[in-house]
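The values are calculated or read from the model by the stated rules, or taken from the named source; none is laboratory data. Everything numeric here is computed off the predicted structure, so don't read it as measured data. Reconstructed Cβ throughout: ideal geometry from the backbone, glycine too, with neighbour counts over all protein chains shown. Note: areas computed on protein heavy atoms with side chains; ligands, DNA, RNA excluded. Shrake-Rupley method; radii C 1.70, N 1.55, O 1.52, S 1.80 Å.
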Amino acid sequence: MSYIAKPSAHHPALPKNALGLTRRDYEGTMSTLCAGCGHDSITAAIIEACFEMDLPAHRIAKVSGIGCSSKAPTYFLSRSHGFNSVHGRMPSITTGANLANRDLVYIGVSGDGDTASIGLGQFCHAVRRRLNMTYIVMNNGCYGLTKGQFSATNDKSSPSKKGEANPFEAIDLCQMAIQLGAGFVARSFSGDKAQLIPLIKAAISYKGFAFLDVISPCVTFNNHPTSTKSYDYVRAHNMASENQLDYVEHKEEITVDYAEGSSASIEMHDGSLLLLHKLDQQHDPRNADAALMTIRTNAAKGSVATGLLYISQDQQDMHDVLATVEQPLNAASMADLCPGSKALEAINARLR
Amino acid sequence: MAPTDISNPKYFHKVVDCQWACPTHTPVPEYIRLIAQGRYAAAYMLNWESNVFPGILGRVCDRPCEPACRRGRVEEKPVAICRLKRVAADYKGEIDAFMPEIPAQKNGRRIALIGAGPASLTVARDLLPLGYSCVLFDKDPKAGGLMRTNIPSFRLPATVLDEEVERILGFGVEARFGQKIKSLATLLKDGYDAVFIGTGAPKGKDLDIPGRREAAANIHIGIDWLTSVAFEHVHTVGRRVVVIGGGNTAMDCCRTALRLGGMDVKVTVRSPRRVMKASAWEIEDAEREGVPILDNHAPKAFLVEKGRLKGVRFQKMREVGIDTSGRPRLEPSGEEVVLECDDVLMAIGQENAFPWIERSIGLEFDERSMPKVDRATMMSTRPGVFFGGDAAWGPENIIWAVAHGHQAAISIDRFCCGEEVQARPAPHSSLASQKMGIHEWSYKNDYSAVQRVAVPHADKAQALRNLKVEVELGYDDQLAAREAARCLNCDVQTVFTAPLCIECDACMDICPVDCINFTANDDEAALRQKLRVPARNKAQSLYISDPLKTGRIMAKDEDMCLHCGLCAERCPTSAWDMKKFMYVEAQSAAACLTHHNAYLR
C-alpha cells in the first residue's frame, strides 16, 4: 500500500468529456489493494467508462459487500453515492435503493466469495427480479483477504500457489446468470481494457439486470503458472478475439462498416448501439442456448469465452414487472407517500 | 520504434530538464534536496564546483533552467531554482575546508588570462588546483568584469561579488589590474604557455540619428554609464530619463536611474512588448518600481534646444504579420511621439571589439570581425590562444561564460600537456536504485501542490533611496523548504525492466499524468499520436521498452512525468524501479569535483 496520495496534478492536455470533467475527476482515493491486483484495473475501466459516457457522478450509486473486490468502490467515483454493505448482501441493499430511487445508475461490485458463496442466494434473487443494475464480479478464484483459500469459482484443475489440489468443481456465474434470466451477461478480463470498457458501458446502458464476470488475477495468491486465473493463463486461453464489441453512444455517428453476416447491431434502451463484429456462426449472443453452449464448450477445452455472451433485447426490469410509480420516492409528495388510513382501509378491504 | 538505450547517459540526462538546459549542467535536483534537508554548505559546494559563482548566479543568473523546468509544464510556474541557489549561498556558513588544495609546487606552466570576468576566473579556478600559474589582466581596478561593472548593486551586492571573486584570486592568481592589454602580439612574446581571452562584449551600440552629437553630454551608452555608476564616477542623473532598449541592460539602467534621482523614468522599446529581450522577472521588477514600458517606439531624433537635450522623438510602430524568423514585422504607423527628458540611456545591444588583436598573428577573424573559435575546444585558429564568455561569440550571460571557462581550462590543460585538444573527456554518470523498503524511497516522492513561493522584497521606498540596498531579500529557511518541495526530482528516473513485466496495467492506471502506455509498437509519429494523451512535446523523448510477452511494448512519454514513483510502488514485480541518475560533466581538475563524484555510484 502506498503511503502517499495520488498527486493532484494531472496532464494539462487530458481530454474532457461533455461535462467538462477529466477521467481524473472520476477517481476515488488511493487503492490499498496489493500492487498489481486485477481489481485496480477493473476500477480504472469503470472510471474510464463513466468518464466516456459523460455520467454525472452524483447520479451513480456504487454498492458492495465484503472482500477485496468490495473495497474497490472506494477507489473510484469518490463523488458518487456509496454503500459498503454486509458480506454477500450487496444485492439486497441495491434492491432497496433501486426501489426507492429508480433514477440512479446502480453499479454493484462483488467478488467470487461475496457472490458465489455467502451471497449466492442474494445474487440469484437479484437476477430473478431483473434489478436494473450493473453487477460486476471481480473474480480471482480465491479469498485474497484471508490468505488465498480456494473460492467457489476456482477451476478444479487449478491448484493453490503451494500446489494443493482443488477438490471441487467451479461455479460458473455466467451460466447461472443466463439460466436465472439475466438480460445481459458478459465475461471479461481485467488485463484487457479494450474489451472491458465497452462491456461496462453497454452494461450500464442496459435496462435490466446486467451481469459482468471479470476474471481478475490475485497477484498475491492466485497468479502462479498453474492457476487458471493468472495473467498468463487467461491471456493464453482467452477467446476474446472471437467476440468483439463496440459501444456507440446514440449521439455518435456510426462510421464503421462490417461485412454482412459477420456483424450485428443491437439498440439499447437509451438509444446507444452495440456493434458486434466477428460474430461467430456458433454463437449469437441473442440466443441463450447458444451462449450456454459457447461457455461450456470453451470451458471443456480449458479456454475462457469472453465478451458479450448473452443479451435479451426485450427484458423488462423490476419496475416494469411491479408497475411501480415512475418517479423516485424522494420526489413523491407527502400525500402520495402517506395516502392515509382511508387508502389503507381500501387496500385491506381488497384483500379480505 | 527501437527500444530506448538507457545505457547512453544522454537519455536520462535529457529527462533532467533543468540540468540539461544549464550550460554547466549543475545537478539541480540534487542540490535542491540538500537545501530541503538544510544542508546548505553541501548544496553550495555542488553549485560552486559546477558553476563557480553560486551566490552571484543565485541572484542574477539568466536561469535557462527555469523555462526548462518540468514543473512549468505540469502547472504554470517553474521551481524558483535560481532563488534556491541563493539560499545555499546565503546560509552556507564556513566552507574553506571544502576548497581544493592548491599545490605549492607549481607545474611550471604560465597562463595569461585577459579580462577578469566570469570566464577567465573560471579558467583560473579550474587550472590553479593543477599547479598552473595564472596571470590575470583587466583594464578595471577590480576583478569581476561585467558582474561588477554592469550589474547594479541593488541586484548583486558588492560583498557577495567580492567573496566569490576573491576566493579564486586567493587561490594564487597573479593579478595585473588597471592594465589594459594594447597588443596581443606583444603579450604573446612574453612566453605564456597559453592565453585565454575573456574580454566580454564591451562596446555598447550607438544610435546615429539627428541630434546625437549636439546632445552628446546627456546621451549615455547604457553599459558605460552603469560602469561609471559602479565605480562611483557618476552619482546623479536628470529628473526625467528615457531609456532606449528592451533588454536586461535597459532594465538595470532604468532602475539605477530611479536611485540616482530620476523621478520620471521611462523605458522605450522598438518592438512589441512580448518579444522584448529582457527576462520576464526583470521587466516585472522594473514595473514594480513604477517604470512604464512603452513598446513599439522607434527613436527618430534627439531634440536639442540651446545646445541641450530636450527630448526624444519617436515614430510609433505597428505590427504587420510575422517575418521568416518568427519575429513580428513592424512598419511605421505614422504617429509620432515626443518624450521630453533630461538624460537618455541607450541600451540597444553590445558588440565585441578587438582592436588590440593584430590580424597578422595567425588568429583568423570572420566577416563580422569575430574571432574564429572552435565550439568544443574554445581554441582560436592560433594554437594556444583560447576564447570564452562574450568574447567568443558575442553577448550571452554569466552561466555561459562559466561553461566556456570549464571547456577552455580542459583545452588549455590538454594543450599544455601535449595532448590532442579535440579529444574531450567523457562525462561520468551513474544510475542507482533509491528503494529503501516497500514503498519507501530515499527521496521525498510525495507531490507538493504548493504554488511558486514569492521572494520577499525590501521596502520599496527605502530601496529606491539607496543604490546599495538589495531589493530581493531572499528566502528564509522556511520559505526555501516550501519552494524546494515543489521540485519533482526529475533525476530520480523511472527505469523499466521488460522481462519482469506481467502487463497488469497497474502502473498505467495509477500514473497521475497518464504518461505510461502499453500498446502495439509503431513509428514515432504514429506512436506519439496514439498514446493515452498524445505526446505533442517533441522536445521530450518517448521511453520505449523491449517487446513484452503479449508482443506489445511499454511506451512512456517523459514530458509530464512527476517522478512520484507510484508506477514503481504499484508494480507487483518491480519491473519499475526509481533510480537516481547522477551526471557529472568533466572538468580539468578532479579536485574541483569531489562533491559531485561523491554522488557517483
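So what J values fall out for segment A:36-53 if you push phi through Karplus, 6.51 cos²θ - 1.76 cosθ + 1.60 with θ = phi - 60°, rounded to Hz, Gly and Pro as x?
Here the 3J(HN,Hα) series is x, 4, x, 4, 5, 5, 5, 3, 4, 5, 5, 4, 5, 5, 5, 4, 5, 7 Hz.
Averaged over its residues, how many other protein chain Cβ atoms are within 10 Å of peptide A:186-197's Cβ atoms?
1
Among bridges DSSP assigns within the protein assembly as shown, what percent are antiparallel (round to 5)?
In the protein assembly as shown, approximately 50 percent of DSSP beta bridges are antiparallel ones.
Using each residue's phi in segment B:201-211, evaluate 6.51 cos²θ - 1.76 cosθ + 1.60 at θ = phi - 60° and report the 3J(HN,Hα) Karplus result to the nearest Hz, with x for Gly and Pro.
Those phi angles translate into 10, x, 9, x, 6, 10, 10, 9, 10, x, x Hz.
What is the ratio of the Cα radius of gyration of segment A:32-138 to 2.2 N^0.38 Å, with N the residue count, to two decimals?
Output field value: 1.00.
Given only helices, namely DSSP H runs of n ≥ 4 each adding -39500 (n - 2.57), what is the per-residue ellipticity at 222 nm of chain B, to the nearest 500 deg cm²/dmol?
It lands at -7500 deg cm²/dmol.
For segment B:204-350, rounded, prolate or oblate, judged on the Cα gyration tensor with a ≥ b ≥ c (square roots of eigenvalues), a/c < 1.5 rounded, else prolate if a/b > b/c? List each step's numbers first, then the result.
Details: a/c = 1.81, a/b = 1.26, b/c = 1.43.
Oblate is the answer for segment B:204-350, as a/c is 1.5 or above yet b/c matches or exceeds a/b.
Hey, how many Å between the Cα centroid of segment B:160-222 and the Cα centroid of segment A:40-79?
The distance from the Cα centre of segment B:160-222 to that of segment A:40-79 comes to 69 Å.
Please give the total accessible area that chains B and A bury against each other, computed with a 1.4 Å probe and expressed in Å² to the nearest 100.
Rounded to the nearest hundred, the buried surface is 2600 Å².
What's the ranking of B:145-152, A:311-318, B:478-485 by average number of surrounding C-beta atoms within 10 Å, highest first?
Top to bottom by mean Cβ count within 10 Å: B:145-152, B:478-485, A:311-318.
Please report, largest first and rounded to whole Å, the three semi-axes of the ellipsoid equivalent to the protein assembly as shown, where each semi-axis is the square root of five times an eigenvalue of the C-alpha gyration tensor.
Semi-axes (√(5λ), whole Å): 71, 33, 24.
Over what distance in Å are the Cα centres of segment B:287-339 and segment B:26-52 separated?
Using only Cα atoms, the two centres lie 44 Å from each other.
Apply the a/c threshold of 1.5 to the C-alpha gyration tensor of chain A and tell me whether it is rounded, prolate or oblate.
In terms of gyration-tensor shape, rounded.
Could you rank the peptides B:511-520, B:356-365, B:99-108 by their average count of other C-beta atoms within 10 Å per residue, with the highest value first?
Details: B:511-520: 21.0, B:356-365: 14.4, B:99-108: 12.3.
Taking the mean over residues of other Cβ atoms within 10 Å, the ranking is B:511-520, B:356-365, B:99-108.
Please compute the average number of Cβ atoms from other chains found within 10 Å of each residue's Cβ in peptide A:28-37.
4
Could you list which residues have their amide H under 5 Å from that of B:TRP441, counting only those 5 or more apart in sequence or on another chain, with H placed in the peptide plane?
Amide H neighbours of B:TRP441, under 5 Å, 5+ apart: B:MET436.
How long are the three semi-axes of the equivalent ellipsoid for segment B:125-203, computed from the Cα gyration tensor as the root of 5 times each eigenvalue, in whole Å, largest first?
24, 17, 9
Contact order normalised by length for chain B, with contacts defined as Cα pairs under 8 Å and 6 or more residues apart; what percent is it?
Worked out over chain B, it gives 18 percent.
Hey, if you drop one equal point scatterer on each alpha-carbon of chain B and run the Debye formula without solvent, what base-10 log of I(q)/I(0) do you get at q = 0.10 Å⁻¹?
-0.97
What shape does segment B:340-474 take by its C-alpha gyration tensor, where a ≥ b ≥ c are the square roots of the eigenvalues and a/c under 1.5 counts as rounded, a/b above b/c as prolate, and the rest as oblate? Don't jump to the answer; show the numbers that get you there.
Working: a/c = 3.43, a/b = 1.15, b/c = 2.97.
Verdict is oblate for segment B:340-474.
Need one value for B:508-518: mean number of C-beta atoms belonging to other chains within 10 Å of its residues' C-beta atoms.
Mean shielding count: 5.
Under a 10 Å cutoff between Cα atoms, tell me which one of A:ALA300, A:ALA45, A:ALA194 has the largest fluctuation in the Gaussian network model of chain A.
A:ALA300
When DSSP beta bridges are limited to those with both residues in segment B:204-350, what percentage is antiparallel, rounded to the nearest 5?
Within segment B:204-350, antiparallel bridges account for around 55 percent of the total.
What's the center-to-center distance, using Cα atoms, between segment B:412-442 and segment B:231-245 in Å?
Segment B:412-442 and segment B:231-245 have Cα centres spaced 48 Å from each other.
For chain A, which whole percent of the accessible surface, found with a 1.4 angstrom probe, sits on carbon and sulfur atoms?
Roughly 54 percent, rounded to a whole number.
Relative contact order for chain A: what is it in percent, counting Cα pairs under 8 Å that are at least 6 residues apart?
Here the relative contact order equals 15 percent.
Using r as the Cβ-Cβ distance of A:ALA194 and B:THR497, and R0 as 22 Å, what FRET efficiency do you calculate, to the nearest 0.05?
Plugging the Cβ-Cβ distance into 1/(1 + (r/R0)^6) gives 0.30.
Quick one: compute the contact order of segment B:458-601, relative version, from alpha carbon pairs under 8 angstrom and 6+ residues apart, as a percent. Before the final figure, lay out the partial values.
Values: 173 pairs, mean separation 40.3, N = 144.
Taking the mean separation of contacting Cα pairs over the length of segment B:458-601, I get 28 percent.
Applying a 10 Å radius around every beta-carbon, put B:193-206, A:155-168, B:158-171 in order of their mean neighbour count, most first.
Ranked by mean Cβ neighbours within 10 Å, highest first: B:193-206, B:158-171, A:155-168.
Just the number, please: percent antiparallel of the DSSP beta bridges in chain B, rounded to the nearest 5.
Restricted to chain B, the bridges split so that about 60 percent are antiparallel.
Run the simple label-point estimate for A:ILE4 and A:ALA349 please: 7 Å along Cα→C-beta, distance reported in nm.
Rounded to a tenth, the inter-label distance reads 7.3 nm.
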